[in-house]
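This report refers to the structure that appears directly beneath it.
The values are calculated or read from the model by the stated rules, or taken from the named source; none is laboratory data. Model, not experiment: these values are computed from the prediction. Note: ideal-geometry Cβ built from the backbone for every residue, glycine included; neighbour counts use all protein chains shown.
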Amino acid sequence: MLLKRLRRSQRSKATASEEALSPAEEPTRRRFATVRRWLRRPRLPPADWDELDEQLVAADHGPLRAMELLDELREAVRADGATDPDAARTLLAARLREALGGHEAEFASGPPPQVVFVVGVNGAGKTTSIAKLAHLLQSNGHDILLAAGDTFRAGAIDQLQIWGDRVGVPVIAHQPGGDPGAVIYDALDAAQARGVDYVIADSAGRQHNNVNLMNEVAKMRRVAERKAPGAPHEVLLVLDALTGQNGLHQARGFLETAGVTGIVLTKLDSSAKGGVAFAVTRTTGLPIKFVGVGERLTDFEPFDPDQFVEALLAPQPGDAGDEVRT
Ligand SMILES: Nc1nc2c(ncn2[C@@H]2O[C@H](COP(=O)(O)OP(=O)(O)OP(=O)(O)O)[C@@H](O)[C@H]2O)c(=O)[nH]1
Ligand SMILES: [Mg+2]
């Protein structure tokens, strides 16, 4: 599976201490400190349900989901007659993984060119994520071509070209104000002529109005569908972890009309709410395929629910509880 291969290649570059969550995701990990402390108790005292509830809500699970999770846990603990933290931990981990879609999603792979559209509201991190994805695919030996589909915002084309130069991948661009459909057409033409593996297309995050924005994405799709079989193979919706539920609300138009196949969750490094990953999967019903964990090219990883949950629940040396407080 392509994502797994990409992740392995990323990981081989990371040091052992970066294996679980990257240091950039530390705030997320800190959030779960109370949960982990709770799970370390030799017996589960009833009063701690409240503490756990607070913790899950604080991590952006939303009161309703936190309650559901706790009910399931309580029920399981009661059914087993168990007050064993290990059993509770295993159950919680399984539920959290399930909430994230259970296993790692797939990423487009097949005959070239594979066409990837990147959509999302302005400022979510589309252009940066395109550069990071191009870098990741390229370091796995793939030929990439970028398409400057955001012809609306002044400076957007230049910005993609700068990233293209930095990563060392060609960018197909037209004039500002041009037709993004025509950019896609030319990019696919060039990709087919050059035998490029992946075409990654940027798109506008803002237009004169929302209807125009959605029409534009729809047109990009139509052009791609006609030009390359099965295209677009991926439509990645970029969501900013900092905007939480509000960001999801703003992105609803894309979810309804763009044929989104997966999520890129950016800025997890600055978000203290790891629970946003759960909220996003639950609300959209779509897998998170990549996460952005910083502003550098390498701050980008294929998303693995198992690893994410394990890292959230694994005891950390920094967890308070046993230590002497200063
Ligand atoms: N900390 C952090 N910053 C990020 C991440 N991803 C993107 N950013 C920053 O978010 C800002 C917006 O990123 P862009 O890639 O320009 O966003 P965009 O969606 O293309 O925005 P528009 O072109 O205006 O629609 C930039 O300052 C990026 O450096 C991330 O994972 N972590
Ligand atoms: Mg952009």
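Summary of values
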| read-out | value |
| --- | --- |
| Residue list for segment 179-217, restricted to those being modelled with pLDDT under 95 and surrounded by fewer than 16 Cβ atoms within 10 Å (Cβ to Cβ) | R206, H208, N209, N210, V211, N212, N215 |
| Test for D158: is it within 23 Å of the chain's Cα centre (by Cα), of a type in the set (D, E, K, R), under 25 Å from E295 (Cβ atoms) and within 14 Å of ligand 2 (Cβ to nearest atom) | no |
| Unmet requirement for G177, which otherwise passes all of (1) within 16 Å of ligand 2 (Cβ to nearest atom); (2) over 22 Å from the mean Cα position of the chain (by Cα); (3) under 18 Å from V235 (Cα atoms); (4) not aliphatic (A, V, I, L, M) | (3) |
| All positions within segment 103-118 that are over 13 Å from the mean Cα position of the chain (by Cα) and within 16 Å of ligand 1 (Cβ to nearest atom) | V116, F117 |
| Selection count, segment 128-157, where residues are assigned to a helix (DSSP H, G or I) and away from ligand 1 (no atom under 11 Å from the Cβ) | 7 |
| Among residues of segment 151-171, those that are free of Cβ contacts under 8 Å to residues at least 24 places away in the same chain and hydrophobic (A, V, I, L, M, F, W, C), counted | 3 |
| Boolean, A241 is more than 16 Å from ligand 2 (Cβ to nearest atom), in contact with a helix residue (DSSP H, G or I) (Cβ under 6 Å, 6 or more places away or on another chain), touching a residue at least 24 places away in the same chain (Cβ under 8 Å) and under 22 Å from P112 (Cα atoms) | no |
| Residues of segment 112-136 that turn out to be of a type outside the set (F, W, Y), crowded, with 22+ Cβ neighbours inside 10 Å and away from ligand 2 (no atom under 11 Å from the Cβ), as a count | 8 |
